[in-house]
Amino acid sequence: MDRGQHQVHLNLNVRGLPVSATLGINEESNRLLAEGKQIYKLGLGQSPFPVPGTIVRELQNNAHQKDYLPVRGLPALCEAVAGYYRRTQNLSFLGKNVLIGPGSKELMFILQLVYYGDLVIPTPSWVSYAPQAHIIGRHVHWLQTDEKNNWLLTPEELEHHCQRDPEKPRIVILNYPNNPTGCSYFDEQLQSLAEVARKYKIIMLSDEIYGELNFDGAHRSIARHYPEGTIIASGLSKWAGAGGWRLGTFTFPAELKWLLDAMAVVASETFTATSAPIQYAAVKAFQGGAELENYLFQSRRILKALSDWIWNRLSQAGVTVARPDGAFYMFPDFEPFRGKFGTRGINNGEELCRRLLQETGVAILPGNCFGRPQEELTARLAFVDFDGSKVLAAAEQIAADLPLDDDFLQQYCEKVLTAIQLVCNWLE
């Protein structure tokens, strides 16, 4: 294939792809805000909390770091990441098993670029998995889930898919707590999925970027059950509130060293190295400590209280919605209102979200952005439209064994509560 043919191939893969849905809804919300409209931004899934002070101080102390770092990452950071998994998941990783990149999104793209297998994704899923595969030219297979099962992949569904072509190489992405549902897996479910993955020699990409935001603080990795075939993806964007810092991590088993090596080659010819000051600061993040543990405790406490409040209100309003286990997302299904919506000219998720934004100012994303059928009335809401610094400071003043009640949420998360009430009123 000559250069011109390569160009045509690339153009066909990229042509027609829209801007990432989450970024698109944020831009549209900002446009309406600039016009003076009251907008409730429940579309973009960005952590509302500030970067922990101890990590910020490390960044300040290392702002002078200007040298190119090793393409695989700062050795001290790689060791800290490996130590984090030894400490929290009892996994025997070493620093040499870790690859650092400018966001886990970039690392996921490179993984698909260097690996020759198909991409298998449970639906609903994060908005960028499939578009990345399309850009590269990989086949995408969607595995169906069901709200009655909290939108989680079952071992039976995975087995059914693999049986069709048992020898085919494939990457399966497992994301939990899940974006867009907030739901997660129990250890027994992960063990059952691991048995199927081992049977078919699947490469499991376990996207655990929200792991530390599991409400009960007891996130478990599928790598505990399938260590030889699991790559763990993480970073600073969600649990540390540092999305704009762009630092992601991939941690590999020794059996997949060949894949890490291949990714490092591509990394050397693309991003070269991740920002030096940010890598030095991230060492502190993955080493943990009392300040970070308290930050995580308060973050989980706030998000759980808010999630419970929203879930109760939407359920009482007649919306079908799986109860989240972590993160800051919820995936309501408005199917019970289809008849009423039909009289208002609303027949799918995109129409639902467009009308909701126009008539209430509440911005959420339709389910088809996350791989669900176009005709569904599902949507994702991200309950993050509040001042994370203020609510963290306020939560610190309330004893750890006391709940954050409705009065607390009304005072510090008022925009989110107002948005949900507007949605419920709009449904009447």
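No value in this document is a laboratory result; all are computed from the given coordinates. From a predicted model like this one, the values you see are computed outputs, not experimental measurements. Neighbour counts run over all protein chains shown; Cβ positions are idealised from the backbone, glycine included.
Between GLN397 and GLN144, what length in nm is gained on full extension when 0.36 nm per residue of separation is reduced by their alpha carbon distance?
Full extension of this stretch gives 86.7 nm more.
Can you list the residues of the range 170-207 with backbone N under 18 Å from a point 7 Å past the Cα of ASP261, pointing along Cα to Cβ?
Counting only backbone N, you get no residues.
For the chain, what does -39500 (n - 2.57) per DSSP helix run (n ≥ 4), summed and divided by total residues, give at 222 nm, in deg cm²/dmol to the nearest 500?
Mean residue ellipticity, 222 nm, calculated: -13500 deg cm²/dmol.
Among GLU351, GLU375, GLU167, what is the fewest-to-most ranking by other Cβ atoms within 10 Å?
GLU167, GLU375, GLU351
Where does the charge balance sit around ALA254 when Lys and Arg score +1, Asp and Glu -1, over other residues with C-beta under 13 Å from its C-beta?
With Lys, Arg at +1 and Asp, Glu at -1, the neighbours total -1.
Could you check which residue among ALA305, ALA218, ALA400 shows the biggest mean-square fluctuation in a GNM of the chain with a 10 Å Cα cutoff?
Looking only at ALA305, ALA218, ALA400, the largest GNM fluctuation is found for ALA400.
Could you identify which residue out of HIS219, HIS141, HIS64 has the top mean-square fluctuation in a GNM of the chain using Cα springs shorter than 10 Å?
HIS64
Would you please give the FRET efficiency between SER268 and ASN312, computed as 1/(1 + (r/R0)^6) with r the Cβ-Cβ distance and R0 = 51 Å, to the nearest 0.05?
So the FRET efficiency works out to roughly 0.50.
Give me the net charge for the shell around GLY45: Cβ to Cβ below 11 angstrom, other residues only, Lys and Arg +1, Asp and Glu -1.
Result for the local shell: +3.
What pairs from LYS105/LYS415; LYS238/LYS304; LYS168/LYS199; LYS105/LYS148; LYS238/LYS390; LYS37/LYS390 go past 20 Å between their alpha carbons?
LYS105/LYS415; LYS105/LYS148; LYS37/LYS390
Report the FRET efficiency, 1/(1 + (r/R0)^6), for GLU291 and ARG355, where r is their Cβ-Cβ distance and R0 is 41 Å, rounded to 0.05.
0.35
Of the beta bridges DSSP finds with both residues in the chain, what % are antiparallel, to the nearest 5?
45 percent
Sort LYS96, LYS41, LYS66 so the one with the fewest other Cβ atoms within 10 Å of its own Cβ comes first.
LYS66, LYS96, LYS41
On full extension of the chain, what length is gained from GLU195 through GLN163, given 0.36 nm per residue of separation minus the C-alpha to C-alpha distance?
In short, 10.1 nm is gained.
Please arrange THR272, THR230, THR88 by counting, for each residue, the other beta carbons lying within 10 Å of its beta carbon, fewest first.
Neighbour counts put them in this order, fewest first: THR272, THR88, THR230.
So, in nm, how far is label ASN90 from label THR343 when the simple model puts each one 7 Å beyond its Cα toward the Cβ?
Here the answer is 5.8 nm between the modelled labels.
Mind ranking 261-268, 73-80, 401-408 by how tightly packed they are, going by the mean number of other C-beta atoms within 10 angstrom, highest first?
Final packing ranking: 73-80, 261-268, 401-408.
Name the residue, out of SER29, SER192, SER237, whose mean-square fluctuation peaks in a Gaussian network model built on the chain with Cα pairs under 10 Å.
Evaluated over the chain, the most mobile residue of the options is SER192.
Determine the sum of side-chain charges near LEU174: Lys and Arg each +1, Asp and Glu each -1, restricted to other residues whose C-beta is under 10 angstrom from that of LEU174.
-2
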